[in-house]
Amino acid sequence: MSGEKRLIVLISGRGSNLRAILDSPIGDAVIAVISDRKDAGGLAIARQYGKEAIDCCREDYPSSAAFEKALAEKIVEYQAGDSPAIIIALAGFMRILSAAFVAAHAGRLVNIHPSLLPKFPGLHTHRQALAANAAVHGCTVHWVSEKVDGGEIIAQRQVPVLPDDNEVTLEKRVLAAEHSLYPQVLAQLLNGGE
Ligand code: GRF
């Protein structure tokens, strides 16, 4: 187990980055996995690894503010008592968090994005890279700020774009880089470094 800090992972989907984290040396530091979608494949992965798997779905709340309040309350539950500091890792979490939520969790919210930011923020990053004829593509781990995909960059990993690439082949190469980079960076953050 690394450092003093613990990790909460927020997901929305299949959870391959979550699995990479759970398979890495920091897997033991994960204390909970929270999904904003009940059907997220990552919830089953979390349970398979014996982790608390919690759904906190937007549609269960009357407003975004109520949803974020519930999410914050679930996070706080894991900080109760003498539990140590927490890093909240967004891993394919597809919901934009409000400026107020981001400010309340400043310095603890980290995201992985499938491009070399500031290039190709937002969705369909592999399509964007191919359309731009990029020679290199990759992924970025960054602090979450109120500007979507605009927070301070912590680390990046490059991959080549090959002549025959399509979105599927490029995504596969970038995803492999994500699975290597994210656990490494989170391990540094959990151990107090950056
Ligand atoms: C990853 O490419 C991640 O960078 C992006 O969404 C995808 C999530 O994949 N934000 P997974 O759920 O981790 O498999």
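Computed quantities for the displayed model
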| read-out | value |
| --- | --- |
| Residues satisfying the stated conditions in the stretch 40-96, i.e. β-branched (Val, Ile, Thr) and either exposed (fewer than 15 other Cβ atoms within 10 Å of the Cβ) or in contact with a helix residue (DSSP H, G or I) (Cβ under 8 Å, 6 or more places away or on another chain) (or both) | ILE45, ILE54, VAL76, ILE86, ILE87, ILE88, ILE96 |
| Residue list for the stretch 37-86, filter: of a type in the set (Val, Ile, Thr) and at pLDDT 95 or above | ILE45, ILE54 |
| Meets criteria (within 13 Å of the ligand (Cβ to nearest atom), assigned to a helix (DSSP H, G or I) and more than 15 Å from the chain's Cα centre (by Cα)) for ALA129 | yes |
| Counted residues, the stretch 132-161 - those being under 21 Å from the mean Cα position of the chain (by Cα), under 10 Å from VAL174 (Cα atoms) and of a type outside the set (S, T, N, Q) | 5 |
| Verdict on ARG19 being among the charged types (D, E, K, R), in a loop (DSSP other than H, G, I, E, B) and either touching a strand residue (DSSP E or B) at 6+ places or on another chain (Cβ under 7 Å) or within 16 Å of the ligand (Cβ to nearest atom) (or both) | no |
| Members of the stretch 3-16 found to be closer than 21 Å to LYS74 by Cβ and outside any loop (DSSP other than H, G, I, E, B), listed by number | ARG6, LEU7, ILE8, VAL9, LEU10, ILE11 |
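The values are calculated or read from the model by the stated rules, or taken from the named source; none is laboratory data. Here the structure is a predicted model, which means the values were calculated and not measured. FYI the Cβ positions are ideal-geometry reconstructions off the backbone, even for glycines, and counts take in every protein chain you see.
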